[in-house]
Amino acid sequence: MKTFGKIFNTCVYILLYAPLLIMVFFSFNESKSTSVFTGFSLKWYLELFSKSDIIEALSNTLILAVLSALIATVLGTVAAVGLYKMRSKFIYNTMNTVTNLPMMNPDIVTGVSLMLLFVFAGRLLGFAEYLSFWTLLIAHITFNLPYVILNVLPKLRQTDVSLYEAAMDLGCTPIKAFFKVIMPAIMPGVVSGALMAFTLSLDDFVISYYTTGADFQTLPLKIFAMTKKTVKPDMYALSSLIFITILVLLIVINVLQEKSERKLKGEFNKK
């Protein structure tokens with residue numbers, strides 16, 4: 001059974017990562033071929049950084065992803081604390097169901113409903129343009145929030161309430177006790193929620209397609225517009241850079257979290 005489990009896991013990982021590795025491999029191909037490797041070359045990476053429209057779409061995507069992740073992380077952490085403090089099980093279960101609902105909804109349903117809401121609100125308030133960068137930002141914050149909440153809540157359940165109460169007994173205000181005791185304990189959940197929000201915002205297409213304005217284009221929308229013609233290997237190069245950057249970021253964060261947990265265990269053992 002152990003051998004079968006190892007073989008099965010290996011097959012699953014191959015299916016998950018083979019397309020990504022093939023994309024990275026052919027991003028260094030000298031020719032445009034996606035089946036024959038004619039020689040190693042960096043020309044697609046050089047051509048990528050020479051195109052102003054792609055660089056603009058990339059910068060738009062990064063700005064949107066960073067802003068939506070930061071705002072969703074702050075709001076999601078506060079919402080998770082509020083859910084954790086609820087005493088009524090009925091209200092807690094209801095709010096938890098409402099939180100999970102956006103994740104279960106198809107993206108196209110979320111995108112169309114948000115578009116209708118923004119158009120209705122824009123007409124009601126008399127705006128000249130109903131959809132813009134701000135509507136896109138609100139949409140991304142909306143679908144990122146549940147993921148942050150679900151990452152922070154388990155960490156809150158693992159915290160020792162007596163430590164928070166002890167901090168208040170020693171003279172801390174509730175807010176100071178939260179940042180001194182609770183925040184360090186739930187930080188891994190906050191960081192993982194922020195990372196998930198960032199990556200979800202980075203590659204979102206469907207919701208962005210329905211909620212963005214004509215003057216703001218993200219990278220997924222740019223790539224979609226290019227598929228009407230032919231996607232050149234410079235898109236492989238750009239996708240490879242994004243994949244490698246996120247991979248390195250995840251590795252660094254996991255290493256830092258492991259060091260932090262070892263440090264906390266060491267301090268606990270000394271006591």
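The values are calculated or read from the model by the stated rules, or taken from the named source; none is laboratory data. Since we're looking at a predicted model, the values are computed, not measured. Glycine also receives a Cβ, built like all others from the backbone with ideal geometry; neighbour counts cover every protein chain displayed.
Test residue 103 against the stated conditions and say whether it is in contact (Cβ under 8 Å) with a residue 12 or more places away in the chain and either in contact with a Cys (Cβ under 8 Å, 6 or more places away or on another chain) or over 30 Å from residue 181 (Cα atoms) (or both). Spelling it out, residue 103 is indeed in contact (Cβ under 8 Å) with a residue 12 or more places away in the chain and either in contact with a Cys (Cβ under 8 Å, 6 or more places away or on another chain) or over 30 Å from residue 181 (Cα atoms) (or both). Which one is surrounded by the most Cβ atoms within 10 Å (Cβ to Cβ) among residues in the stretch 117-143 that are farther than 20 Å from residue 216 by Cα and modelled with pLDDT under 85? Here the residue is 125.
In the set 192, 201, 240, 208, only one residue is among the hydroxyl-bearing types (Ser, Thr, Tyr), assigned to a helix (DSSP H, G or I), on the phi < 0 side of the Ramachandran plot and touching a Pro at 6+ places or on another chain (Cβ under 8 Å); that residue is 208.
Do we have residue 91 as farther than 30 Å from residue 219 by Cβ and not acidic (Asp, Glu) here? So residue 91 passes the test.
Residues that are farther than 17 Å from residue 235 by Cβ and not in a helix (DSSP H, G or I) within the stretch 1-51 comprise 1, 36, 37, 38, 39, 40, listed in sequence order. In the set 33, 59, 52, only one residue is farther than 30 Å from residue 216 by Cα and either of a type in the set (Lys, Arg) or free of Cβ contacts under 8 Å to residues at least 40 places away in the same chain (or both); that residue is 33.
Considering 90, 40, the condition of being aromatic (Phe, Trp, Tyr) and either closer than 30 Å to residue 183 by Cβ or in contact (Cβ under 8 Å) with a residue 40 or more places away in the chain (or both) is satisfied by 90 alone. Scanning the stretch 211-234 for residues that are outside any loop (DSSP other than H, G, I, E, B) and either among the basic types (Lys, Arg) or in contact (Cβ under 8 Å) with a residue 40 or more places away in the chain (or both) yields a total of 7.
Has the stretch 144-154 got at least one residue that is surrounded by fewer than 17 Cβ atoms within 10 Å (Cβ to Cβ) and in contact with a Gly (Cβ under 7 Å, 6 or more places away or on another chain)? Yes: the stretch 144-154 contains one or more residues that are surrounded by fewer than 17 Cβ atoms within 10 Å (Cβ to Cβ) and in contact with a Gly (Cβ under 7 Å, 6 or more places away or on another chain). For the structure I just gave you, tell me whether residue 210 is in contact with a helix residue (DSSP H, G or I) (Cβ under 6 Å, 6 or more places away or on another chain), modelled with pLDDT of 75 or more and under 30 Å from residue 112 (Cβ atoms). So residue 210 fits the description; yes.
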